[in-house]
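What follows is one structure encoded as structure tokens, with my remarks underneath.
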Amino acid sequence: MSISQETREAVRLRAQFAWEYCGVTETDTGSELTIDHFQPQSRGGADSEDNLVYCCHRCNEFKANYWPTLLEDISLWNPRIERYSDHFTMLSNGTLIPTTQVATFTLLRPRLNRLPLVANRLRRHHIAEEDRLLERLNNITNILENLTSQHAALLREQQELLQAQYRLLRTRTFHHPVEYPLR
């Protein structure tokens, strides 16, 4: 591979250090991933950044040098130009379900529903859900803190009003005694 270190780093950064097909990260694997030619060099692919995909070693092996050569051949999903959500739906158990013919083929070729990948997606889904719930809890906590502060201010205001009312009644009673009619 004749990819410069600068290009390699640009591809890593663009991919946010995660495999662009399944989302496995360098942190998940404990090492850097590999650079794959979406259109393999052996099939005329260039070393340009738009043809390079950051991916894990195993999926790169499964993908091999596949490239459609006949009109009826199905292409792989290209994460650089196509949205994930246009091709895949993730079930609650982490399994990917294809929504297009391209997605069906892409799931099969690099075997994207391998147990470790499914487990990783499920783990990331749970983390995202925990993050969402924590954010919601933080929002509710902030609302409760604001309400508590407003409640305390209203209680102080009520106490001040009651004291002013008491002073007013005391002053009025002292200066203007109430006379009760005799029966």
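Just so it is clear, none of the values below were taken in a lab; they were calculated from the coordinates. Since we're looking at a predicted model, the values are computed, not measured. Methodologically, a virtual Cβ is constructed for each residue, glycine included, from the backbone with ideal geometry; neighbour enumeration extends over all protein chains shown.
As a footprinting exposure proxy, order Glu49, Glu6 by other Cβ within 10 Å, with the fewest listed first.
Details: Glu49 14, Glu6 8.
Exposure proxy ranking, most exposed first: Glu6, Glu49.
Just order 9-22, 117-130 by mean Cβ neighbour count inside 10 Å, highest at the front, would you? If you can, show how the numbers build up before the last one.
Details: 9-22: 17.9, 117-130: 14.6.
Averaged packing, sorted descending, gives the order 9-22, 117-130.
Between Thr25 and residues 5 or more places away or on another chain, which pairs have amide H atoms under 5 Å apart, with H built 1.01 Å from N, and which residues are they?
Answer set, sorted by chain and number: Trp19.
Amide H neighbours of Phe88 under 5 Å, at least 5 residues apart or on other chains, H built in the peptide plane: list them.
When sequence neighbours closer than 5 places are left aside, the close amide H contacts are Thr99.
Compute the projected area of the convex hull of the Cα atoms of segment 1-59, averaged over all viewing directions, and report it in nm² to one decimal place. Spell out each step's value before the answer.
Details: hull surface 15.4 nm².
It is 3.8 nm².
Ranked from highest to lowest mean number of other Cβ atoms within 10 Å per residue, what is the order of the peptides 65-74, 107-116?
On the way: 65-74: 10.6, 107-116: 16.2.
Put in order of decreasing packing, that is 107-116, 65-74.
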